[in-house]
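Trainee: One structure follows; several queries about it will come next.
What follows is calculated from the coordinates using simple rules that are stated; it is not laboratory data. Keep in mind that this is a model prediction, so the values were computed, not measured. Neighbour counts run over all protein chains shown; Cβ positions are idealised from the backbone, glycine included.
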Amino acid sequence: MRAVGRHLLALMVMTLPLVPWQAQATDAATIARQGNGRGAAPCIACHGGDGAGQAQAGNPRLAGLDAAYLEKQLDDFASGTRGSVVMQPTASALSPEERQALATYYSKLPLPPALATPATPMPPADSLGARLATRGDWDRDVPGCVQCHGPAGVGVGAHFPPLAGQPAAYLAAQLRAWQQGTRHNDPLQLMQHLSAALSPQDIQAVSTWFAAQPLPASRAQP
């Protein structure tokens with residue numbers, strides 16, 4: 001009888017429902033490390049184990065980004081609204097619940113300490129990138145990036161993601177994508193209109209400036 005009782009107790013424990021966030025965190029962490037077994041590649045292959053991204057490859061940081069922004073990007077990749085030969089098949093292989101769980105998981109990852117001291121040297125305060133980022137160029141109807149993306153590009157809410165701490169190659173690639181019309185999932189087409197006024201030199205300069213901005217370390221945990 002005691003053995004039967006122990007088995008019944010074990011069965012009851014095994015069938016207790018997980019708290020929704022605990023279940024999501026476990027699933028998201030597994031997908032991030034191993035993929036989902038249905039075609040979604042492991043996130044860490046491109047974005048690193050700490051979510052810092054890979055600067056040389058131009059893969060963006062995900063750690064600490066707004067959850068609603070991340071979920072929208074995954075949804076847009078899955079629907080084809082935002083094109084990417086890498087992300088579209090991966091996002092398409094994720095269920096809506098998995099995309100939401102991953103967005104929440106990465107939003108709660110702490111900012112990687114290495115980003116507090118970026119490898120990209122800080123451009124001079126009067127450089128082209130600094131001027132475009134902080135003041136814009138009103139002769140060309142280009143506002144300063146920080147007016148929407150926050151001081152030093154730390155990000156504002158779900159629609160204006162952080163630019164600080166992102167690889168320069170990634171930022172430049174996104175500006176070119178908006179400029180060429182291959183990315184068009186920005187609110188009110190703001191980035192499409194703005195990027196049209198930028199020269200290749202402008203794009204490289206402002207991308208380099210934001211990549212050089214340090215980020216404070218965070219203790220948040222997923």
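Trainee: May I ask you to evaluate 6.51 cos²θ - 1.76 cosθ + 1.60, the Karplus curve with θ = phi - 60°, for each residue of region 200-209 and list the ³J(HN,Hα) values in order in whole Hz, giving x for glycine and proline?
Mentor: Listing the rounded values in order: x, 5, 4, 4, 5, 5, 6, 5, 5, 5 Hz.
Trainee: Working from Cα positions, state the angle (0 to 90°, nearest 10) between the long axis of helix 168-180 and the longest principal axis of the chain.
Mentor: Orientation of helix 168-180: about 70 degrees from the principal axis.
Trainee: Still on this structure, I have one more. Given the alpha-carbon gyration tensor of the chain, what are the semi-axes of its equivalent ellipsoid in whole angstrom, ordered largest first, with each equal to the square root of 5 times an eigenvalue? Walk me through the numbers on the way to the answer.
Mentor: On the way: eigenvalues 309, 69, 39 Å².
In descending order, the three semi-axes are 39, 19, 14 Å.
Trainee: Quick check: pseudo-label points 7 Å beyond the Cα along Cα→Cβ at GLN201 and SER92, how many nm apart are they?
Mentor: Using points 7 Å along Cα→Cβ, the separation is 4.1 nm.
Trainee: Taking 35 Å as R0, compute the FRET efficiency from the Cβ-Cβ separation of GLN180 and THR30 and round it to 0.05.
Mentor: Computed FRET efficiency for GLN180 and THR30 comes out at 0.45.
Trainee: More than 15 Å apart: what percent of Cα pairs in region 114-211 qualify?
Mentor: The proportion of pairs with Cα distances above 15 Å equals 59 percent.
Trainee: What number results when the radius of gyration of region 47-121, computed over Cα atoms, is divided by 2.2 N^0.38 Å?
Mentor: In units of the 2.2 N^0.38 Å rule of thumb, it is 1.14.
Trainee: I've got another one for you. Mind listing the long-range amide H neighbours of VAL142? Cut-off is under 5 Å, sequence gap 5 or more, other chains count too, H placed in the peptide plane at 1.01 Å from N.
Mentor: HN-HN under 5 Å from VAL142: ASP137.
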